[in-house]
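First up is the structure itself, then whatever we jot down about it.
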Amino acid sequence: MNILGLSFGYHDSAAALVNEEGILAAAEEERFSRSKHDNGFPSRAIDYCLSTNGLTALEIDTVVYYENTALKWDRIVSSYVEELDQHPEYLDRVISSWIYHGKFDPEAAIARYLDMPMSRVCSLNHHQSHAASAYFCSPFSGAAVVTMDGVGEYETATISHADPDGITKLISQSFPHSLGLLYSAVTAFLGFEVNEGEYKVMGMAGFGEPNYHDAFSSLLYLKPDGEFEIDPSYFEFNCPDRLPFNERLCALLGKPRDPRSRFSFASTGKPDPEDQRYADIASSLQKCAEDTILHISAAALTKTGERNLCFAGGVGLNSLANASVKNRLNCNLYVQPAAGDDGAALGAALQWRAENTSSSRSGLKNVYLGKEYSSDEIELALDRHGVPFTQYENQTGLISEVASLLAEDFVVGWLQGPFEWGPRALGNRSILANPANPDMQEIVNTKVKFREPFRPFAPSVLAERAHEYFEVPEYFPECSPEEFMLSVVPVHEAQRAALPSITHVDGTARLHLVRRDVNNLFYDLISAFDQLTGVPVVLNTSFNLQDEAMVNSPYDALETFAWSGLDFLVMGKFVISKGDIS
């Protein structure tokens, strides 16, 4: 039985294909359109999932949409009622947007595209899809499950108990009481784009202190049993054409940051006074988020009696909070690698499979579920663009050459195998560099990716050597957050000088553990780099420029290579030097 899960219409559209044996394919639409957080109908992601498995639409038994459109529309209309007297145009704009994106009847849009009867298309609830994506992808038989995001239909957070018999929801939090929306609103206050700039806020938080903690205490209040309330009078969650915060929040936190301004540093290396204030606000927001996530996670473990915790929803991408949950609650934590709405497509398919077949769980062993390109396809792309290259016939020679380039402080674009599921570059669509070079963070940020200079980079480290450089145990359980670059850990103080370009200002790093049995080529590259430098770590960031989706194809990689400050591009067994391109 072939089951296709879909999410689209809001952000991070995606498709995922499963059968009774396991997960067959999954991809975000943005990887094909190159439009970051693409919310359109995922036609190319669907086509990929089918074609890579040799299937046609006729062979799809069921398609599952990830949320309940009628419930979502009900919430939106009821939320806009208060604004209609002063701003009747708001509802008109929302209706136009829904018509344009096919949101009113996604099941019909799916049936039309796949030319199948409506009887083979169904939908679930948003947070039900998130919960299923977390539990059914995890290695756990029994677990507490927490979902948190901006908002689904009405729900913004849930606590559930999962076991082989299924997932039982215990607690539900509803709009407008949303940690995700609060975090996004303050992200906008700090001058960054909602649903994109939250990563930047986490990076900025490392430069600050939580001096605005009391102010945030007036925005969000923790209640018993894992619940919480926010004060909606500080926010504008209902108005699509306005900033998500209002003058009341400005009175509380001060002047908002101009999105056009640069985050600047004084000669001391610390932010300028005004930017220091914004860093302190970011730090206070992050502490508020961590306290809230700890609160709901602790309640989930207590209510279920479990020590295993599964997490999904966009809030699950907060790697600082994930580290706090894992360490302070002493639990076994699994975070779905595609924790946002993209992952809900996979969750929808897995939930339907659990309810309608004898197969309930298969787990997600690795994230390499995307499209792969053959040597012939790569060579064709190079020939079409007239790009000279060096071809290595064996893996040993290739690895040796690339390790030498990194050791010599060249910055390398790296495209290998299937692309990753989720927003993290885990060694198949990566930009790689030498973490021991103290200038490399600035070089990659400003000359390669053209992004804010304060943003940190992740270290990819051989799993069995991680404890030598980071404050982590010698052994990690299967599918720990660190395997998916979803947890922040302290760098050993004695090693910070050895790894300056992956050590953030607060002495931490967003760790990526690399296991040979998960990605042997990337493992071998880091091993070869270790043999040359004595450091089993490489700097790893996603293969894209600022505000672009990660590269998918050789053509994408060549374009990014041409426009960026990358020195070398490695695709499959081919190595291209920037110096050889006119």
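Label separation (Val77 vs Leu532): 6.3 nm, computed from points 7 Å beyond Cα along the C-beta direction. Its Cα centre serving as origin, the stretch 375-580 has a Cβ charge dipole (Lys and Arg +1, Asp and Glu -1) of approximately 280 debye.
Rounded, prolate or oblate: pick one for the chain, where a ≥ b ≥ c are the square roots of the eigenvalues of its C-alpha gyration tensor, a/c under 1.5 means rounded, and failing that, prolate if a/b is larger than b/c, else oblate.
Rounded, since a/c falls under 1.5.
The value of relative contact order for the stretch 173-335, using C-alpha pairs under 8 Å at least six residues apart, is 28 percent.
FRET efficiency for the pair Asn246 and Arg93, taken as 1/(1 + (r/R0)^6) with r the Cβ-Cβ distance and R0 = 25 Å, rounds to 0.85. Of the trypsin sites (Lys or Arg not before Pro) found in the stretch 204-313, those in coil by DSSP whose Cβ has at most 16 other Cβ atoms within 10 Å are Arg242, Arg260, Arg262, Arg307. Between the residues Tyr469, Gln395, Leu525, the greatest Cα displacement towards the positive end of the dipole of the stretch 375-580, with unit charges on the Cβ of Lys, Arg, Asp and Glu, is found for Tyr469.
Dipole magnitude for the chain: computed about the Cα centre from +1 point charges on Lys and Arg Cβ and -1 point charges on Asp and Glu Cβ, it is near 460 debye. Mean separation of Cα pairs under 8 Å and 6 or more residues apart, divided by the residue count, gives the chain a relative contact order of 16 percent. Helical content alone sets the calculated 222 nm signal of the chain at -10500 deg cm²/dmol, taking -39,500 (n - 2.57) per DSSP H segment of four or more residues and averaging over every residue. Expressed to the nearest 5 percent, the antiparallel share of DSSP beta bridges inside the chain is 70 percent. Here's the list of lysines a cross-link from Lys303 could span, going by alpha-carbon distance under 18 Å and ignoring same-chain residues fewer than 8 apart: Lys169, Lys223, Lys326. To the nearest 0.05, how large is the calculated FRET efficiency for Thr446 and Trp563 if R₀ is 22 Å and r is the Cβ-Cβ distance? With R0 = 22 Å, the Cβ-Cβ based efficiency is 0.95.
Given their separation in residues at 0.36 nm each and the Cα-Cα distance between them, Glu274 and Ser119 gain 50.0 nm when the chain is fully extended. Across the stretch 508-515, rounded Karplus estimates of 3J(HN,Hα) from the backbone phi angles (6.51 cos²θ - 1.76 cosθ + 1.60, θ = phi - 60°) give 10, 8, 8, 7, 10, 7, 10, 10 Hz, Gly and Pro being marked x.
Relative to the Cα centre, the charge distribution of the stretch 173-335, modelled as +1 at Lys and Arg Cβ and -1 at Asp and Glu Cβ, gives a dipole magnitude of about 340 debye.
All of the numbers you see were taken from the coordinates with simple rules; none came from a lab. Since this is a predicted model, take the numbers as computed values, not measurements. Glycine also receives a Cβ, built like all others from the backbone with ideal geometry; neighbour counts cover every protein chain displayed.
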